[in-house]
């Protein structure tokens with residue numbers, strides 16, 4: 001199972017390698033959420049173990065939020081300590097695919113997309129954990 005920090009670093013490196021516009025904490029949160037959803041739907045197990053919470057601006061992994069919150073709305077710098085070898089082939093390929101599809105969108109577009117999806121909608125008023133099984137079932141429908 002991947003470490004959520006490595007998943008995040010992989011997204012940051014992909015953005016840099018593809019001459020992206022940079023990734024903010026808000027955008028990173030949504031990319032990690034989509035990666036978890038598609039990975040669990042396709043492989044029947046979580047990509048990472050951290051819970052995803054329903055916060056005001058959509059799904060959030062608190063550990064990542066705490067790591068990068070000091071950047072505010074600014075782009076997170078490229079990590080200096082990361083190699084794709086920290087991820088399995090399936091993990092790395094899935095993250096790349098999620099980046100190819102969702103990395104093109106702005107943080108606010110991704111936020112708005114998650115606000116229209118049932119996993120966040122079902123838990124938005126609680127600001128609590130979005131159960132992985134609900135995320136998985138939602139993304140199974142997107143995959144099929």
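Only the coordinates and a few stated rules stand behind these numbers; no lab work does. Quantities reported herein were computed from a predicted structural model and do not represent experimental measurements. When we count neighbours, we look across all protein chains shown, and the Cβ atoms used for this are built from the backbone with ideal geometry, even at glycine.
Among 61-73, 98-110, what's the highest-first ranking by average C-beta atoms within 10 angstrom per residue?
Working: 61-73: 14.2, 98-110: 16.7.
Final packing ranking: 98-110, 61-73.
Extension gain, residue 85-residue 143: 0.36 nm per intervening residue step, less the Cα-Cα distance, totals 18.2 nm.
Calculate log10 I(q)/I(0) of the chain for q = 0.11, 0.12, 0.17 Å⁻¹, where I(q) comes from the Debye formula with a single equal point scatterer on each Cα and nothing for solvent. So the normalised log intensities work out to -0.35, -0.42, -0.89.
Given the peptides 29-35, 17-23, arrange them by the average over their residues of other C-beta atoms within 10 Å, most packed first.
Numbers: 29-35: 26.1, 17-23: 14.1.
Output ranking for 29-35, 17-23: 29-35, 17-23.
Given only helices, namely DSSP H runs of n ≥ 4 each adding -39500 (n - 2.57), what is the per-residue ellipticity at 222 nm of the chain, to the nearest 500 deg cm²/dmol?
Details: 7 runs with 78 residues, N = 144.
Rounded to the nearest 500, it is -16500 deg cm²/dmol.
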